[in-house]
Each structure stands twice: as structure tokens, then as C-alpha cells.
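Following: one structure in C-alpha cells, then a few remarks.
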């Protein structure tokens, strides 16, 4: 019988086999997490789940963009709310989070985990939650909607999450102010290209001399493309798949030129950060260890992300909706 310890040993033994390919690496992460879910379910000792449910992952896992080290981002949505089901899925969510931690996935600092009641709800409970986030003007509520829109069903009934994400799309069509809030929420990005084209590295601290790829590289692409996807009701979760859908729409073809290539290259550079000790380390690229050709490439990617983000924000502020 598998245990969290045996899964961790298997994961550590095989992880390096996938460090050069983002697709196979994310498939491997999926295999590991599915093993954790199976062990967690058996630990419940109650047989099958009392009703249909979806266990979904979000964040980089939801978008199939995990690096070698990834933290937890996941939740549960189940069909029927009653005292027995609420207790079962809260216990299951807690066990899953514990299992993932023991296997080597750090706890999410923002508590976006199935162990958190905010991320473990019935279908009706999730509809209420999404409506509350949509009507609340706080920065955090809009951020949670962004996070939920990246949800990828990992196990169970995918229609539950599809319907809930459709609610977000439908709500912003009826209430355009929500799209405006989405836009404002992601408007500011970290600039790491100086006035004469130089890379602006961290000047102090543990990551002195490094560029933060998460904030300067990934977020401009991820956030901007997600924003267009919410606007157009695109349900794919990976940034590349979303780009592919959007490029097929004539309104965005020119805007997204070269974006797929740039983002694919960015994913490859992130995979090159394999000799790291913690999740935070996976975000930082040490500039002095890169060749001139690599630095030129990195600047191209970062400039492309910044330009794409800026142009999409400007487009959203015009408030012109393009239907599919």
C-alpha cells in the first residue's frame, strides 16, 4: 500500500527525468498529486465519497505551468450540501493538504487549499461565494476570482467547475464594472528593463543580482491573457492554450503575435532554474550566469510581456467587447 512517504521517495527519484520538458514535468506532477488523493481518500476510511465532487487545482498547476518545485493551490466543489457531506469533504480537504505537504508541496501562503473552508464548498456554496467575490470591491476578492478562473479539474466531475466558471463570464457580461475591476487589479507590473535597455536586477538581499521571473516575466503574460479569457469566456486554463484560442479570433491575432513563442521560451528559462532549495528560488534568474545570447533572449521575452500587458490593459479600458 502506498503512503505519503513512499510517494515522496518515488517523486524525488524520478523528478529530474522531467526537468527539460514542461509538458512531461506537469504530467508527472499530476501523477504525484493523484497518488496523494488516492491515499488521502483511503485514510478517510469511509468508502466512496458521499456525493459527486470535483477536486481542482489552480495557480501554476491549474495552468500546467509548474516548475520543479511548486506550492499548493487547490480546492473542492461537491454536489450536495448537508452536515454529513460538509464534514466529509472538509476532512478530505485537510488530509489532501497534509499529504501534499508531506510529499513535498509547500503549503500555500494565501491558504488557497482544500483544507480552507473558503476553498471547500458545495456547488451552491460556491455560487454564493463567487457572487460575493464579484460584488465585493476589495482587491482580495477580485484576486480570488482570478485564481478560481485558473481552476483545472484534476479529479471528479468537471462540469461542476465549468458551470461555476461560466457564472463568472456571464456575470461580467451583465455587470461590466466587474471587468473594469479585473483590469485595475492586474494593472501594475514590475518593470525590470531600464531606460537604456539594461536589466534591473535585485540590488539587495538574498536574491541580489537576480531578476524575478514571476513578477517581471510570468505575471504580465498570465494576467493579461487570463483577462482576455474571462472577457471572451475561454475555459482553457493553460496560458498557451488560451493564447491559441485568442489568436484564432481576428481581433486579437495581431495583438498576440509572437506571444506564444515568448511564453514558451519563458517556461523553458524557468525550468533551467533546477538547482534550487526552495519554492521562492524558482522565481529568480541569476543574470551574471547567463550568456550574452541568453540575456538578449530574456530581454526580448520580458519586453514582449510588458508590451502585451500594456496593450491589453489599454484595450480593456476602452471597454469595447469583442464576442467570440
| remark: Scanning the stretch 5-39 residue by residue, the ones that are surrounded by 19 or more Cβ atoms within 10 Å (Cβ to Cβ) and more than 23 Å from the chain's Cα centre (by Cα) total 2
| said: I'm trying to understand the selection: among the residues of the stretch 11-23, which are touching a residue at least 24 places away in the same chain (Cβ under 8 Å) and not in a loop (DSSP other than H, G, I, E, B)? | reply: 11, 12, 15, 16, 22, 23
| Long-range neighbours under 6 Å by Cβ, at least six apart or interchain, first residue closer than 15 Å to residue 96 by Cα within the stretch 107-132, second modelled with pLDDT under 95 | 108/71
| query | Would it be correct to say that residue 166 is crowded, with 17+ Cβ neighbours inside 10 Å and either under 30 Å from residue 38 (Cβ atoms) or outside the structural domain of residue 235 (by TED's automatic domain parsing) (or both)? | reply | no
| note | Wholly inside the stretch 246-324, helices (runs of 4 or more DSSP H) that include 3 or more residues that are at pLDDT below 85 are 259-271
| query | Does the stretch 174-187 hold any residues that are assigned to a helix (DSSP H, G or I) and either closer than 21 Å to residue 140 by Cα or assigned by TED's automatic domain parsing to the domain that holds residue 303 (or both), and which are they? | reply | 176, 177, 178, 179, 180, 181, 182, 183, 184, 185
| If residue 240 passes every condition in (1) surrounded by fewer than 17 Cβ atoms within 10 Å (Cβ to Cβ); (2) assigned to a helix (DSSP H, G or I) but one, which one does it miss? | (1)
| said: Going residue by residue through the stretch 156-164, is there one that turns out to be in contact with a strand residue (DSSP E or B) (Cβ under 7 Å, 6 or more places away or on another chain) and not in a helix (DSSP H, G or I)? | reply: yes
| said: Tally up the residues in the stretch 133-151 that are touching a residue at least 12 places away in the same chain (Cβ under 8 Å), outside any helix (DSSP H, G or I) and surrounded by fewer than 21 Cβ atoms within 10 Å (Cβ to Cβ), please. | reply: 1
| message | Of the conditions (1) touching a strand residue (DSSP E or B) at 6+ places or on another chain (Cβ under 8 Å); (2) part of a helix (DSSP H, G or I); (3) free of Cβ contacts under 8 Å to residues at least 60 places away in the same chain, residue 26 satisfies every one except a single condition; which number is it? | response | (1)
| task | Restrict the check to the stretch 69-92 and report whether at least one residue is at pLDDT below 95, touching a helix residue (DSSP H, G or I) at 6+ places or on another chain (Cβ under 7 Å) and not assigned by TED's automatic domain parsing to the domain that holds residue 268. | result | yes
| message | Any residue in the stretch 257-286 that is over 16 Å from residue 60 (Cβ atoms) and outside the structural domain of residue 101 (by TED's automatic domain parsing) sitting within a Cβ distance under 8 Å of a residue that is modelled with pLDDT under 75 and surrounded by 16 or more Cβ atoms within 10 Å (Cβ to Cβ)? List the pairs, counting only those 6 or more apart or interchain. | response | 285/273
| Of the residues that make up the stretch 208-217, is at least one surrounded by fewer than 18 Cβ atoms within 10 Å (Cβ to Cβ), over 19 Å from the mean Cα position of the chain (by Cα) and not assigned by TED's automatic domain parsing to the domain that holds residue 51? | yes
| request: Restrict the check to the stretch 188-200 and report whether at least one residue is within 16 Å of the chain's Cα centre (by Cα), farther than 27 Å from residue 123 by Cβ and either outside the structural domain of residue 299 (by TED's automatic domain parsing) or surrounded by fewer than 15 Cβ atoms within 10 Å (Cβ to Cβ) (or both). | output: no
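The values are calculated or read from the model by the stated rules, or taken from the named source; none is laboratory data. All values derive from a computational prediction rather than experimental measurement. Methodologically, a virtual Cβ is constructed for each residue, glycine included, from the backbone with ideal geometry; neighbour enumeration extends over all protein chains shown.
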